[in-house]
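Values quoted throughout were computed directly from the atomic coordinates according to the rules given, and no laboratory measurement underlies them. Keep in mind that what you see is a predicted model, and the values were worked out from it rather than measured. Every residue, glycine among them, receives a Cβ derived from its backbone with ideal geometry; neighbour counts consider all protein chains shown.
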Amino acid sequence: MARRFLIIIILISILIFGEIFYCYEANVPNVPVPCYINSLTCQLYNNWMNILYNIVIPSSLMAVFGILTIVNVRKRIVHPARSTTIAVGIHQTNRQPRLRKIDRHLRKILLVQ
């Protein structure tokens, strides 16, 4: 399983960074940077790939894992055993605002992250 993930990561990296060998020229005279992009197409591809793997993918992963954390916390709340029907009504009314407060707090943490 680990080898399969390693191969997948290597292939994705080759697809993302393979354009460097085709699009960049080194030691071009009269250019202010040491490596220069050949064409507008290469520049657009490079810019979109940078946006994708520097902004979109990490932000998406953080959002997914944050939402999954909130869902997991909601599932893990321990419910005490109820002994009487009167206590059930009391626990139900106290439980809802507490859950909303926890949800609100977790959403704030996720947004700040």
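Spin-label model, A63/Y22: points 7 Å from Cα along the beta carbon direction are separated by 3.0 nm.
Can you give the Rg to Rh ratio of segment 1-58, both from alpha-carbon atoms, with Rh computed by the Kirkwood formula? List each step's numbers first, then the result.
Values: Rg = 14.4 Å, Rh = 13.1 Å.
Ratio value, two decimals: 1.10.
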